[in-house]
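Asker: What follows is a structure written as structure tokens; I'll ask about it next.
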């Protein structure tokens, strides 16, 4: 199996304490989802409820609940009598995620281009400058967090706060692809350039230009699929 890109060590909560039972399920879901989309848990890797419970300091019940949600997201697969495994990247899931993300973000950016004000554009510019600094350091972790923030700013500019949570859950499969592409030469500078083009169109109150720039940007990762698949064949479902 291809080696996953090294990201962060997987940890329990920073305090080292067991999460409260009421919060354990959502925490575990978010934690495991993050590890899957960042390739800390590699596609095809077996997930043991017992081992996860011991490592994270929780009972098997919230682990089972979290794995159930991840199964619904198509991020894990359950093989009866065999076990639970991190799902390999599915072309069908990627296609669905791309459709949902384009529909939501491209609609949001059109509204954002109409509603953007000086304060929101200043926040976007601050984010872009931070992206440039992260790119210079080749700091993939920081850059990806800033990328998420940038796209959240686009969604929030629409004035519809419910858009981002739906978009975030849907795009998990695209994030898995993007994570594998971030280490490719010149990829980060290209992404920052694309973000600037989007921001400039929003600032100019140009809905058509903003949508065109964003749609082109969102489709960039799909163009990299053949190269990503060649470099990480074990991460993908069989054709």
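Asker: Compute the long axis of helix 172-181 from its Cα atoms, compare it with the longest principal axis of the Cα atoms of the chain, and write down the angle in degrees, 0 to 90, nearest 10.
Answerer: 80
Asker: Relative contact order for the range 21-86 using alpha-carbon pairs under 8 Å, separation at least 6, rounded to a whole percent? If you can, show how the numbers build up before the last one.
Answerer: On the way: 63 pairs, mean separation 27.0, N = 66.
Relative contact order of the range 21-86: 41 percent.
Asker: If I model a spin label as a point 7 Å beyond the Cα along the Cα-Cβ vector, how far apart are those points for residue 72 and residue 96 in nm?
Answerer: If labels sit at residue 72 and residue 96, their model points lie 1.3 nm apart.
Asker: If you don't mind, another one. If you take all C-alpha pairs in the range 34-149, what percent of them are over 26 Å apart? Provide the component values of the computation, followed by the final result.
Answerer: On the way: 2928 of 6670 pairs.
That tail contains 44 percent of the Cα-Cα pairs.
Asker: Order of 31, 59 from fewest to most other C-beta atoms within 10 Å? It would help to have the intermediate numbers written out before the result.
Answerer: On the way: 31 18, 59 13.
Least crowded to most crowded, the residues run 59, 31.
Asker: Taking R0 as 41 Å, what's the FRET efficiency between residue 208 and residue 34 from their Cβ-Cβ distance, rounded to 0.05? Mind showing how you got there, number by number?
Answerer: Working: r = 35 Å, r/R0 = 0.86.
It comes out at approximately 0.70.
Asker: Hey, fewest Cβ within 10 Å first, where do 61, 50 land in order? It would help to have the intermediate numbers written out before the result.
Answerer: Working: 61 13, 50 9.
Fewest to most other Cβ atoms nearby, the residues stand as 50, 61.
Asker: Here's another thing I want to ask about it. By how many degrees, between 0 and 90 and to the nearest 10, does the Cα long axis of helix 187-203 differ from the longest principal axis of the chain?
Answerer: On a 0 to 90 degree scale, this one is about 50.
Asker: A follow-up question, please. With a cut-off of 18 Å, note down the residues of the range 155-193 whose backbone N falls inside the zone around a label point 7 Å from the Cα of residue 129 toward its beta carbon.
Answerer: Hits in the range 155-193 for residue 129 at 18 Å: 192-193.
Asker: Helix 21-37: angle to the longest alpha-carbon principal axis of the chain, degrees 0 to 90, nearest 10?
Answerer: 70
Asker: Still on this structure: Please compute the Cα-Cα pair-distance distribution of the range 91-235 with 5 Å bins starting at 0, giving whole percents from short to long.
Answerer: Computed distribution, short to long bins: 2, 10, 20, 22, 22, 15, 6, 2, 1, 0.
Asker: Same structure, new question: For the range 21-86, would you read off the P(r) tail past 17 Å as a percentage of all alpha carbon pairs?
Answerer: Values: 685 of 2145 pairs.
Percent of Cα pairs beyond 17 Å in the range 21-86: 32.
Where a number appears in this text, it was derived from the coordinates with a stated rule and is not lab data. The structure displayed is predicted, hence computed values, not measured ones. Cβ coordinates were reconstructed from backbone atoms using ideal geometry, including for glycine residues, and neighbour counts include every protein chain displayed.
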